[in-house]
Amino acid sequence: MMKNEQLLESCHIPAVLRQKGIKTFSVNQNNENAYNAACMQIRQECQKGLILYGPTGTGKTHLMAAVMNNNIIKGKVGIYATVPELMDNLRRSVKEGKLDEVQTAVEECGILFLDDIGTETPSDFVIEELFKIINTRYLKDKKIIGTTNLNKAGLIEHYHGITGDRIVSRLSEMCDFVEINGDDYRE
């Protein structure tokens, strides 16, 4: 296995996302702002992270993967996770007595790549754990790159009021929110 492939695999990046690059993204008027924001992240011209939001199938994950792959190959340590799977891993780690290990990994890595924010069932456990992860990364000035189908108001509603406000407030300070639109390219 090539060195770059080993790096990407060690960051839990699925094989299908390892193939995504900025050059393979189809730019159009609906996604140009998101494309430009991703390019700025790749060139490391941004201190803030990035949250891409918009409808399903518009290229949010493709752009996030392009940023992720480029940063990791350049030596930035990161972890990729879909939020529903991350929450499943946290629940499992509670049962195994390893919650601290998983939390530390996602709170301490150089860049945390969160895919599908807001698609998980917002139980009390999920909301509390997500808040702790985001808050710790906020306090330690650690970057988050993420995707979601929800805008800020939708995220606040999804995460139930005051905790939703806190999650979105911290993400807003930590990340640029950039909308991406268009048709579902998977159809």
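The values are calculated or read from the model by the stated rules, or taken from the named source; none is laboratory data. As the structure is a prediction and not an experimental result, all values here were calculated from the model. Just so you know, the surface numbers come from the protein's heavy atoms only, side chains and all, with ligands and any DNA or RNA stripped out. Shrake-Rupley method; radii C 1.70, N 1.55, O 1.52, S 1.80 Å.
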Fill in the blank from the handout: Calculated from DSSP helices alone, with each H run of at least 4 adding -39500 (n - 2.57) and the total divided by the residues of the chain, [θ]222 nm to the nearest 500 comes to -15500 deg cm²/dmol
Practice task
May I ask you to give the solvent-accessible area per residue for region 36-78, in square angstrom, as obtained with a 1.4 angstrom probe?
Solution key: 37 Å²
Fill in the blank from the handout: Checked against the structure, the computed P(r) over Cα pairs in 10 Å bins from 0, in percent among [x] 10, 39, 38, 13, 1; [y] 10, 35, 32, 17, 5, 0; [z] 9, 36, 33, 14, 6, 2, 0 is the one labelled [x]
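Share of region 7-92's accessible area from carbon and sulfur, percent, 1.4 Å?
Carbon-and-sulfur percentage of accessible area, whole number: 48.
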Problem - Sequence-distant residues sharing a close amide H with ILE180 (under 5 Å, placed H) - result: TYR53, GLY54
Problem - Rounded accessible area of VAL27 (nearest 10 Å², 1.4 Å probe) - result: 70 Å²
Handout entry: Out-of-range pairs (alpha-carbon distance over 32 Å; input LYS74/LYS95; LYS48/LYS98; LYS23/LYS143)
Key = LYS74/LYS95
